[in-house]
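Colleague: Have a look at this one before I ask anything.
The values are calculated or read from the model by the stated rules, or taken from the named source; none is laboratory data. Quick caveat: nothing in here was measured; it's all calculated off a predicted structure. Cβ atoms come from the backbone with ideal geometry, glycine included; neighbour counts cover every protein chain shown. Surface areas here come from the heavy atoms of the whole protein model, side chains and all, with no ligands, DNA or RNA. Shrake-Rupley method; radii C 1.70, N 1.55, O 1.52, S 1.80 Å.
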Amino acid sequence: MQVNSEPTTREAPTRPAPAGPSDEKARPAVVRQQLTAGDAEKAAALRKMKLVALGLLIAMAVVFVFAFALQREYPWLQYVRAAAEGGMVGALADWFAVTALFKYPMGIKIPHTAIIPRRKDQIGASLGEFVETNFLSEQVVQDKLASVNIARRAGEWLATPAGANRVAKEGAAVIRGLFKVLNDDDVQAVIEGMVRKHLLTPPWGPPVGKLAERIFHDGHHHKLVDLLVDRAADWVSENHETVSRLVSERSPTWVPQFVDGLVGDKVYIEFLKFVRAVQSDPNHQVRQSIDKYLNDLAQDLQHDPVMIARAEDIKAQVLGDPEVRELASRTWGTVKNALLGAVEDPDSELTVKFKAAVRDFGSRLVNDPELAGKVNAWIGDAAGYLVRTYRSDIAGVITDTVARWDAEETSQKIELQVGKDLQFIRINGTVVGSLAGLAIFTVAHLIFG
């Protein structure tokens, strides 16, 4: 078969029209194959080996002619003739065998020739079945993964700055790609729906009351009460004139001004004493009253229909439709801008911490055999599931791909891969045939003289 040494792309030969619709669906589209530069080199080497094999056959034929013509004058040439005759037979037989793999010898449609073009689909199916049976075995894949120790190798790479930087870079690319794909309005609608479902639809009263009951029961509100009392005491001590003025403004007009001053001072002093007493005494009656009020409020929020309804009214006023939409828009905008800004800046806090986390995880995979074993087990289980579930589909890629190839081009591609070695069969056949012919003639001559 003559092969062009330059990379070429050939159109698939025209095929007869299918017999019917079912045949048309069953027949895959023929795929053109392109000869690469590497194929051109192999084609040149194949032509060279074909010339060597052909030259050796011609040499045997020339030797046979001269030996046959001169054997009566020189009897010893009978041995040379026998060797040349056997060499020609071996060379022709092996030429026929090698050629029959890829095409019809001399274009004659001899049975059981042109094996690859005629049985291309069966070869593809057999190859797919062989790969599925012997390579896509769950146990084979898991044993191979266990011997590789992927977790440790991955950990060694992740623990390096280059590995962490690569993961961060690819992660940033994924985030940017997601933001390009996602529609802002759709995301905001999802956030709004989640807010309404999980925040607005459930009544606020009972959960808020239950949380408040726990807080008040544990006394966590006392620090807040202390803060309010302290601020009240500070305000009273710093606003003597304000208290006196308020008393004077509210007294009758007929009361003398000096009396207003005395009353204002008295009120201020008593008010200050009261506030300081509340401030200094953790068991003051006012504090107890505040505790009782807050506990009652927590119970009412859980069980009082009127209070629950009031909480719902407050919720509706605070989070109406416009407020919820604005909240969803702001939430998505904040998250999007923050993430984009962080992934674009290699020195951002998020990126730096992410790289540190990747390196730390890689170090743990290297130094923690238990964690590495778990990761390897997860990988093995995942690979086993994929092989167990999709082994036929994976192997089917080989069968379907070979079925789409053009028969003549498939034969050409295969011959380029193994044809050079097959020409050695022709050469070896010539040599072996010569030795066999010589041996047979010698033995026959010795026996029958």
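Colleague: Can you name the number of the only condition in (1) at pLDDT 85 or above; (2) surrounded by 15 or more Cβ atoms within 10 Å (Cβ to Cβ) that Pro282 fails?
Modeller: It is condition (2) that Pro282 fails.
Colleague: For residues that are of a type in the set (D, E, K, R) and closer than 11 Å to Gly124 by Cα, scanning just the stretch 387-414, find the one that is nearest to the chain's Cα centre (by Cα).
Modeller: So the residue we want is Asp400.
Colleague: Mind listing whichever residues of the stretch 332-372 are acidic (Asp, Glu) and open to solvent by less than 60 Å² (accessible area, probe 1.4 Å)?
Modeller: Taking the stretch 332-372 as the starting set, the residues that turn out to be acidic (Asp, Glu) are 344-345, 347, 349, 360, 368, 370.
Correct list: Asp368 only.
Colleague: Restricting to the stretch 78-106, count the residues that are surrounded by fewer than 19 Cβ atoms within 10 Å (Cβ to Cβ) and either at pLDDT below 80 or touching a Phe, Trp or Tyr at 6+ places or on another chain (Cβ under 8 Å) (or both).
Modeller: Qualifying residue count, the stretch 78-106: 3.
Colleague: Restricting the stretch 313-328 to residues that are open to solvent by 50 Å² or more (accessible area, probe 1.4 Å) and either touching a strand residue (DSSP E or B) at 6+ places or on another chain (Cβ under 8 Å) or not hydrophobic (A, V, I, L, M, F, W, C) (or both), which is modelled with the lowest pLDDT?
Modeller: Asp321
Here's the yes/no breakdown for (1) closer than 30 Å to Ser363 by Cβ; (2) modelled with pLDDT of 90 or more; (3) of a type in the set (Lys, Arg):
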site	(1), (2), (3)
Arg166	yes, yes, yes
Ile175	yes, no, no
Asp185	no, no, no
Ile191	no, no, no
Lys197	no, no, yes
Pro207	no, no, no
Asp218	no, no, no
His222	no, no, no
Val225	no, no, no
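Colleague: I'd like the residue in the stretch 404-426 that is of a type in the set (A, V, I, L, M, F, W, C) and crowded, with 18+ Cβ neighbours inside 10 Å and, out of all such residues, is nearest to Gly55 (Cα to Cα).
Modeller: Among them, the one singled out is Leu422.
Colleague: Picking from Leu145, Leu136, Leu158, Leu127, which residue would you name as being over 30 Å from Leu339 (Cβ atoms), touching a residue at least 24 places away in the same chain (Cβ under 8 Å) and in contact with a Gly (Cβ under 7 Å, 6 or more places away or on another chain)?
Modeller: Testing whether each residue is over 30 Å from Leu339 (Cβ atoms), touching a residue at least 24 places away in the same chain (Cβ under 8 Å) and in contact with a Gly (Cβ under 7 Å, 6 or more places away or on another chain) leaves just Leu145.
Colleague: Now for a different question. Within the stretch 41-99, count every residue that is more than 60 Å from the chain's Cα centre (by Cα), over 19 Å from Ala436 (Cβ atoms) and of a type in the set (D, E, K, R).
Modeller: Matching residues across the stretch 41-99 total 2.
Colleague: Okay, next question. Output the number of the condition that Ser126 fails; it satisfies all remaining conditions of (1) within 20 Å of Asp400 (Cα to Cα); (2) in contact with a helix residue (DSSP H, G or I) (Cβ under 8 Å, 6 or more places away or on another chain).
Modeller: So Ser126 meets the others, but not (2).
Colleague: Which fully enclosed helices (runs of 4 or more DSSP H) of the stretch 127-228 have 2 or more residues being open to solvent by 50 Å² or more (accessible area, probe 1.4 Å) and of a type in the set (Lys, Arg)?
Modeller: Fully inside the stretch 127-228 and qualifying: 150-158, 161-181, 205-218.
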